[in-house]
Amino acid sequence: MPEVKLIFEDNNLARLLYGDLNKNLITIEKTIGVSVKARGNELALKGLKHEVEVAAMALKQLYELLKAGYPVYPSDVAYGLRILERSSKVNLKEIFLDRVYITANQRVVSPKSVNQKKYIDSIRNNDIVFGIGPAGTGKTYLAVAMAISALTSSQVKNIILTRPAVEAGENLGFLPGDMAQKVDPYLRPLYDALNDMLGREKVVDYIEKGIVEIAPLAFMRGRTLNSAFVILDEAQNTSHAQMKMFLTRLGFDSQTVITGDITQIDLPEGKKSGLVEASRILKNIKGIGFCSFTDIDVVRHPLVQQIIRAYAKKVKKQGNRKLKPNPEKHNQ
């Protein structure tokens, strides 16, 4: 089996590249199946030719990221390998060094895949952007990060986060409390993203001052949203009327991001998704961007990617069965 040796000039950066207890190197071995042996600032890679080439390319680019001041963690190693496996021409610095926002605990929010980078660039260049893809691909999280970045740089005066109040396959019945308490469970994922980036105290302060508003989609009717960054989450659960109503709320100096997963529609059977319809009829309008994500872009636990693939495979098999002709039926 081919072997490649890499030598890194800076011993301190080499240690950071290897990670605590060589965790970054272990990630390479687990992710791509290459044997990695470290001796000082020298690495020996052994395995199949293509895998060794990808691992070597990833290590060289991750070393350059460290030189640029970017902290490399095992998750970054896994994302980098995944990107370079699909395209060896990608420069990881162009993706990972695109800092969208720095969270309250000083963690850098940046794209972790080619499609995430395209999504960020599309939000920068369009007034309306649709982010469509499976769970865990960073659609909502990155949109919230872009919204906070726009707010802190005075590009907008308000952030408005909304989603349709549709139950995910469960009938929760009548919830107790006032209106805010009733809709709060539906909006919890949006609170989570805000709390992660700003910290709970600042989120509470912004909400009390009206700088940040989190509300169910029904509350958008009749409004004109000026100087605001508006995010519609879980848009696959909107109806035709709801989507049209929401899209026509956009005012001056405002920006809108619509996110959704068309494989997880919770609408009643026979009711068409407003997101599916909008992606079909608005695709050729200038100023509206469409970004698609796949399981490759998943940035959650590695098992999430495998789960998405397994379900997609099952759906594909079911579709193929429906398309196959039934010989007995034709012979009747």
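The values are calculated or read from the model by the stated rules, or taken from the named source; none is laboratory data. This is a predicted model, so every value here is computed, not measured. Quick reminder, even Gly has a Cβ in these numbers, built from the backbone with ideal geometry, and neighbours come from all protein chains shown. Accessible surface is based on the protein model in full, side chains and every heavy atom, while ligands, DNA and RNA are left aside. Shrake-Rupley method; radii C 1.70, N 1.55, O 1.52, S 1.80 Å.
If I filter the range 201-208 for residues that are at pLDDT 90 or above, open to solvent by less than 40 Å² (accessible area, probe 1.4 Å), outside any loop (DSSP other than H, G, I, E, B) and under 20 Å from Gly131 (Cα atoms), do I get at least one hit?
No, the range 201-208 contains no residue that is at pLDDT 90 or above, open to solvent by less than 40 Å² (accessible area, probe 1.4 Å), outside any loop (DSSP other than H, G, I, E, B) and under 20 Å from Gly131 (Cα atoms).
Taking the residues in the range 105-131 that are basic (Lys, Arg) and in a helix (DSSP H, G or I) as candidates, determine which candidate is farthest from the chain's Cα centre (by Cα).
That would be Arg124.
If Lys118 passes every condition in (1) more than 23 Å from Gln264 (Cβ to Cβ); (2) open to solvent by 60 Å² or more (accessible area, probe 1.4 Å); (3) in contact (Cβ under 8 Å) with a residue 12 or more places away in the chain but one, which one does it miss?
(1)
Pairs please, first residue from the range 195-223 and more than 16 Å from Arg163 (Cβ to Cβ), second anywhere and open to solvent by less than 20 Å² (accessible area, probe 1.4 Å), Cβ atoms under 6 Å, 6+ apart in sequence or on different chains.
The qualifying pairs are Asn195/Val203; Met197/Thr103; Met197/Ile148; Val203/Leu194; Tyr206/Val212.
Kindly indicate the residue of the range 154-195 that is open to solvent by 60 Å² or more (accessible area, probe 1.4 Å) and modelled with pLDDT of 70 or more and also nearest to Ser227 (Cα to Cα) among those meeting that condition.
Looking at residues that are open to solvent by 60 Å² or more (accessible area, probe 1.4 Å) and modelled with pLDDT of 70 or more, I get Lys157.
Among the residues of the range 60-98, which ones are in a helix (DSSP H, G or I) and open to solvent by 60 Å² or more (accessible area, probe 1.4 Å)?
Result: Lys60, Glu64, Lys67, Glu85, Arg86, Lys93, Glu94.
Being over 25 Å from the mean Cα position of the chain (by Cα) and of a type outside the set (Lys, Arg) narrows it down to one of Leu66, Leu81, Leu59, Leu25, so name that one.
Leu25
Looking only at the range 1-27, count every residue that is farther than 15 Å from Val77 by Cβ and part of a helix (DSSP H, G or I) and tell me the total.
Residues meeting the conditions: 2.
Do we have Asn11 as in contact (Cβ under 8 Å) with a residue 12 or more places away in the chain, farther than 23 Å from Lys89 by Cα and touching a strand residue (DSSP E or B) at 6+ places or on another chain (Cβ under 8 Å) here?
No: the conditions fail for Asn11.
Residue check: is Gly270 free of Cβ contacts under 8 Å to residues at least 60 places away in the same chain and at positive phi?
So Gly270 passes the test.
Assigned to a helix (DSSP H, G or I), farther than 20 Å from Leu65 by Cα and of a type outside the set (Ser, Thr, Tyr): is that true of Lys30 in this structure?
Yes: the conditions hold for Lys30.
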